[in-house]
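Accompanying notes for the structure given below.
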Amino acid sequence: MASVKNLLLDGSRGKVGNVVFANWRGIQTMRSVPVDPHNPNSTLQQEQRNAFRTVVGVSRTLLPWSRIAYRLIAKKKSEYNVMVSELLSVFDKPNNCFKESSMKDFKASVGSLEKPQLVCVDGADNNTISCTFSKPAINHQGNPTDRLAFLAFDLASGNFGFVFHPTDRAVLTSEFNVVFPFDVSSAHVWSMFVSSNAAQCSDSSYNKL
């Protein structure tokens, strides 16, 4: 794919011959159409397509979260594409499922704010997470109005989602509960701080219930 700087072509869209014109994030581009693509539908191709189909389904649901979580590192590609790449890195293609042992390597967020230190995260009452939290001092990496966010992913059921704790960092107590709309008694959980305007976040902390 090539970027195009030409007043006559600016804003062009569609196909001319074997050239396709498009606009990607404000950049005029053009690319050639593959001629007679080779598609043997091999086992590896099927595994890749199944993996991509599953990961895209998760990523679309979490699209609002990805715009916050990966804003800092989404330079030459969108936040959504960063999330897809992160999820593909922990997907077991031959078995068509996410790798249980690799979920700790998934970066649920990337940022410059102070990372939350959760001493203990336990499942309680099915859809409730009970947290014991080591409250850090508010410094140049955090603000009193920062809020905790939680991303949960239950591999058995396929349920996933994120919630914000309603209390600001400045008045957050050391023990609290977080309620999800699904059973999280055996879920993978990531926590992170998010600024009040959702423009910044911290790296994520991982826990397995």
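The values are calculated or read from the model by the stated rules, or taken from the named source; none is laboratory data. Given the structure is predicted, the values throughout are model-derived calculations rather than measurements. Note that each Cβ is placed from the backbone with ideal geometry, even for glycine, and that neighbours are counted across all protein chains shown.
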The correct count of residues that are buried (at least 19 other Cβ atoms within 10 Å of the Cβ) and over 21 Å from GLU100 (Cα atoms) in the range 173-191 is 1
Name the residues in the range 86-111 that are polar (S, T, N, Q) and either surrounded by 13 or more Cβ atoms within 10 Å (Cβ to Cβ) or touching a strand residue (DSSP E or B) at 6+ places or on another chain (Cβ under 7 Å) (or both), would you?
SER89, ASN96, SER109
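Evaluate the range 192-201: report whether one residue or more is of a type in the set (Ser, Thr, Tyr), in the same structural domain as ALA69 (by TED's automatic domain parsing), under 14 Å from the mean Cα position of the chain (by Cα) and under 18 Å from ARG71 (Cα atoms). Spell out the reasoning first.
Looking only at the range 192-201, we keep the residues that are of a type in the set (Ser, Thr, Tyr), and these are 195-196.
Among the residues that remain, those that are also in the same structural domain as ALA69 (by TED's automatic domain parsing) are: 195-196.
With the extra rule that they be under 14 Å from the mean Cα position of the chain (by Cα), the set shrinks to none.
The answer is no, given that none of the residues of the range 192-201 is of a type in the set (Ser, Thr, Tyr), in the same structural domain as ALA69 (by TED's automatic domain parsing), under 14 Å from the mean Cα position of the chain (by Cα) and under 18 Å from ARG71 (Cα atoms).
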Within the range 146-161, count every residue that is more than 13 Å from the chain's Cα centre (by Cα) and of a type in the set (A, V, I, L, M).
3
